[in-house]
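Everything on this sheet refers to the single structure shown next.
The values are calculated or read from the model by the stated rules, or taken from the named source; none is laboratory data. Just so it is clear, the model here is predicted, and its values are computed rather than measured. Cβ coordinates were reconstructed from backbone atoms using ideal geometry, including for glycine residues, and neighbour counts include every protein chain displayed. For the accessible areas, the whole protein counts, side chains as well, though only heavy atoms, and no ligand, DNA or RNA atoms are used. Shrake-Rupley method; radii C 1.70, N 1.55, O 1.52, S 1.80 Å.
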Amino acid sequence: MSRLKLLTMQRRGTGFVASTRGSLKVQATAFEALDHQVTRCMSRLEALKSSPLEQFTYLDRIRSEDSNLFYRVTMANLKKVVSIIYTPTVGLACQKFSHIYTPAATPGLFLSLSDAAHLDDILANYPGETPDISVLTDGSRILGLGDLGANGMGIAVGKLSLYVAAGGFNPARTLPIALDLGTNTPRHLTDPLYLGTRSRRPADDVFYGFVEAVMAALRRRWPGLLVQFEDFSSEHAFGTLERLKDRYFMFNDDIQGTGAVILSGFINAMRLSGTPLRDHRILFVGAGSAGVGVASQLMDHFVRAGGLSEKEAKSLFYLMDSKGLVTADRQDAKRYPQHKTLFMRDDMDNKQISTLLDAVETLRPTALIGLSSVGGTFTPDILKAMTKLNSRPIVFPLSNPLENAECTFEEAVAYSNGSVLFASGTAFPPQPHPVTRNILEPGQGNNMYIFPGLGFGAVLAKATHISDNMVYDSAVSLSKQLNQDEVSQGLLYPKIERIRETSAIVSRDVILSALKDVRNYFAVGLPYIF
């Protein structure tokens with residue numbers, strides 16, 4: 001038995017049966033079945049409910065000491081626990097990461113520029129099993145909370161917990177990685193407890209060179225490892241995806257995963273709205289990597305499912321940033337980052353739209369999608385204007401965490417007279433319909449519906465690339481998984497309690513999609529027959 005496995009077993013406390021205690025020379029005052037241990041943990045979580053951060057650190061300690069118990073707690077109480085180990089609480093945990101850091105409870109790998117010449121040696125020292133999946137972040141844009149630097153490790157650890165709980169990955173074969181490339185946030189640089197490198201972030205050429213070196217080293221060490229990029233700045237998120245996606249086994253969840261999960265909910269929202277696909281007009285508030293990623297996925301669906309040309313589909317999309325509608329004739333157009341130009345309008349005849357209310361009244365959108373990270377952007381007047389234009393307005397306030405959400409479900413229901421088709425990035429409680437008093441359930445466009453199944457399917461297929469078709473097929477697969485009860489309730493997504501079931505089906509469809517890609521098919525040594 002390996003020393004690592006022995007240490008893990010010795011932490012099971014009251015979970016030891018008598019025979020195991022004897023063989024390991026371990027004594028305990030009592031034996032508890034796993035389900036009873038779960039009850040004990042949930043009781044403790046309830047006692048800590050006034051402090052979500054304390055709940056997070058309690059669960060984090062259980063994860064590090066007894067992963068079997070941690071995942072049983074998570075899977076048996078998914079809806080409650082996910083809100084603690086992932087959004088919204090993980091955002092707070094990342095902000096406080098250097099202050100709540102416990103060495104034994106942080107399983108991740110930190111890599112800095114000073115490690116560039118020794119990457120192979122560092123990876124060769126890894127003591128665990130060969131990892132199947134890694135979440136890699138540089139902490140530069142954590143959940144709309146800004147540049148958190150090395151504190152971003154918390155998001156990589158939390159995300160991998162969901163790959164296990166929702167997707168079925170072996171927790172011993174996951175690897176969180178934080179690229180410690182400094183931070184441009186002064187309060188972290190001056191924080192005496194900050195764990196990361198105390199310097200500003202490097203120039204782009206240094207950044208991209210280091211990321212390339214890390215990816216090459218990871219592939220040399222573990223050729224079958226899938227690397228999911230997480231919470232890079234908008235420019236670097238698009239830049240790394242474009243540079244790496246055709247050469248490495250990787251994807252970016254903020255761009256591709258977010259786009260896929262929102263596309264899935266949007267497919268069902270379009271069905272419920274009764275508006276034909278080609279008659280929709282979609283207004284995005286927020287033109288960063290997530291906003292453009294979602295718009296790109298939706299536009300692709302309009303081409304594939306609606307029979308529109310790319311030009312026709314693109315004409316249905318409008319993007320707003322903090323300065324107004326993104327147009328070719330805006331004064332700052334020459335300074336737009338490249339990703340923002342993908343949906344830049346050139347048909348506004350020099351008309352400048354600077355406010356969201358003006359945009360809604362002028363453009364008459366059927367759908368309003370928020371990825372601005374500015375809480376309260378969808379004001380009562382905005383929601384009323386959307387309701388005046390549409391019998392079933394589609395309103396998706398997708399920003400995380402809770403304080404960044406463009407509106408709440410309560411507000412959307414109240415100011416749409418209960419007619420809203422709603423999905424959010426963070427969880428909201430159900431609300432009564434203003435007239436019928438029937439209970440309305442909010443949709444949550446949580447990437448958790450996509451990335452576990454997408455990742456697990458890709459790894460099982462022994463793929464070498466994550467193709468656009470695999471991402472698209474994951475979204476369509478999810479959109480078809482509402483059961484009869486969920487359809488009768490008008491839900492846009494399956495209930496989160498069914499996540500293992502839905503992830504398994506997404507995985508199956510991703511495998512089938514992967515095998516249609518000639519690169520993946522040849523990679524596993526099979527003849528290409530499609």
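Odds and ends about this structure:
- Once you reduce region 316-341 and region 461-496 to the center of their Cα atoms, the two points are 31 Å from each other.
- When the charge dipole of the chain is built from unit charges on Cβ atoms (+1 for Lys and Arg, -1 for Asp and Glu) and taken about the Cα centre, the candidate among ASN417, LEU109, THR190 whose Cα reaches farthest toward its positive end is LEU109.
- Chain lengthening between LYS351 and VAL487 when straightened (0.36 nm per residue, less Cα-Cα): 44.8 nm
- Charge sum, other residues only, whose C-beta stays under 13 Å from LEU283's C-beta, Lys/Arg counted +1 and Asp/Glu -1: -1
- The chain: radius of gyration over Cα atoms, expressed as a fraction of 2.2 N^0.38 Å: 0.98
- The HIS118 and SER199 beta-carbon pair, evaluated with R₀ = 25 Å, returns a calculated FRET efficiency of approximately 0.85.
- Taking label points 7 Å from Cα along the Cα-to-Cβ direction, ALA333 and GLU497 give a separation of 5.3 nm.
- Ligands, DNA and RNA are left out, and with a 1.4 angstrom probe the accessible area of the chain is 42 Å² per residue.
- Of the solvent-accessible surface of the chain, computed with a 1.4 Å probe and all protein chains present, 52% belongs to carbon and sulfur.
- Residues of type aspartates and glutamates that LYS388 reaches as a straight line, Cα spacing below 12 Å, ignoring anything fewer than 8 places off in the same chain: GLU361
- Antiparallel content of DSSP bridges confined to the chain, in %, to 5: 10
- What the Cβ-Cβ distance of ARG40 and LEU460 gives, at R0 = 35 Å and to the nearest 0.05, is a FRET efficiency of 0.50.
- Selected from LEU277, LEU308, ILE155, residue furthest toward positive end of dipole (the chain; charges at beta carbon): ILE155
- With 21 Å as the limit, the listed pairs LYS245/LYS516; LYS96/LYS159; LYS159/LYS495; LYS314/LYS480; LYS323/LYS351; LYS245/LYS462 have LYS314/LYS480 beyond it between alpha carbons.
- Student exercise, region 148-275 dipole from Lys, Arg, Asp, Glu Cβ charges, in Debye to nearest 20: 320
- Stretchable slack from ARG364 to ARG221, in nm (0.36 nm times residue separation minus alpha-carbon distance): 46.2 nm
- Burial ranking of peptide ranges 320-326, 199-205, 218-224 (average Cβ count within 10 Å, highest at the top): 320-326, 218-224, 199-205
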